[in-house]
Amino acid sequence: MNRDRALSQPRRMPVLFLGHGSPMNAIATNDYTKTLSDLGKKLPRPEAILAISAHWMTRGTWVTHMANPKTIHDFGGFPQALFDIRYPAPGSPALAEKIRALIPEPQILLDDGEWGLDHGTWSLLKHLYPAADIPVVQLSLDLSRSPEFHFELGKKLRSLRDDGVMIIGSGNIVHNLRVISWDEHAKPFAWSVAFDAWVKTCLDQRDFKSLVFDATKTEAGKLSIPTPEHYLPLLYILGAANDDDAITHVIEGIQNASISMRSVQCG
């Protein structure tokens, strides 16, 4: 009896932080997108996906609650082929309500139509799970809150992993568009290499405290994180990680001189 019940329980899902970089990665065939596609074949199939994207910034913390989230093309100046993409994954009102019930503080607000799936989410899932048949909800970033707040909120989401929910943070550890080169293979800035390496060392040493509190204390950190939204999704993933989770660097490298594509799997 107990064995049968154990076999029926969902497998604990890993948590992922994935660098998404340029929207063009959604339609590009390169080492990065090939690695994402291969990763999707190796990952367990989740019951649902909770995505925390750099591109949904709000006052308060919101979660998408609609049954059929729209595909949002939140960019401009790119080829029509990007705007033609649709990622018609279903939503999960039940998961959104579960997240709200799980976290009484801060109050999680339900979004029934304002947002959907932005390119921070679908540009990744298009490669990981191209069938778009896994329910997806997005959680927003309240930029009025401290890095510690986002890390602690990630901890409150951790139990979802045991219910078959895969938590994916989407952003970039280094993300400075002010000095970007539009040559994907441009030589990285020395400061971007230095900060990316510092983050890797902190992750390998499980020094999450430094990643939460010290990221912008150096000049390299300030240049790598001129605004916080692309860095904060990493903190959710670190919060949702268990102490015994192995940390794997599934993707490394810097595109466009100032965009780190470092991607990390915990568990």
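The values are calculated or read from the model by the stated rules, or taken from the named source; none is laboratory data. Not measured: the values here are computed from a predicted model. Because the Cβ atoms are built from the backbone with ideal geometry, glycine has one as well, and the counts that use them run over all protein chains shown.
Figures for the structure shown
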quantity	calculated
Conditions (1) exposed (fewer than 14 other Cβ atoms within 10 Å of the Cβ); (2) modelled with pLDDT of 95 or more: number failed by Asp183	(2)
In region 226-247, residue surrounded by the fewest Cβ atoms within 10 Å (Cβ to Cβ) [restricted to those that are more than 14 Å from the chain's Cα centre (by Cα) and under 15 Å from Met13 (Cβ atoms)]	Asp244
From the options Ser210, Ser181, Ser192, residue that is in a helix (DSSP H, G or I), under 18 Å from Asn256 (Cα atoms), over 17 Å from the mean Cα position of the chain (by Cα) and hydroxyl-bearing (Ser, Thr, Tyr)	Ser192
Count - residues of region 146-191 that are of a type in the set (Lys, Arg) and over 17 Å from Ile99 (Cβ atoms)	2
Condition broken by Phe151, with the remaining ones in (1) more than 20 Å from the chain's Cα centre (by Cα); (2) within 26 Å of Asp118 (Cα to Cα); (3) of a type in the set (Phe, Trp, Tyr) satisfied	(1)
Of the criteria (1) acidic (Asp, Glu); (2) within 21 Å of Leu16 (Cβ to Cβ); (3) in a loop (DSSP other than H, G, I, E, B), which one Glu152 fails	(3)
Residue within region 118-129 that is surrounded by fewer than 12 Cβ atoms within 10 Å (Cβ to Cβ) and of a type in the set (Gly, Ala, Ser) present	no
Test: residue in region 145-156 that is touching a helix residue (DSSP H, G or I) at 6+ places or on another chain (Cβ under 8 Å) and surrounded by fewer than 15 Cβ atoms within 10 Å (Cβ to Cβ)	yes
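Residues checked against (1) of a type in the set (Val, Ile, Thr); (2) assigned to a loop (DSSP other than H, G, I, E, B); (3) within 18 Å of Ala241 (Cα to Cα):
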{"position": "Val137", "(1), (2), (3)": "yes, no, no"}
{"position": "Glu148", "(1), (2), (3)": "no, no, yes"}
{"position": "Ile168", "(1), (2), (3)": "yes, no, yes"}
{"position": "Ala186", "(1), (2), (3)": "no, yes, no"}
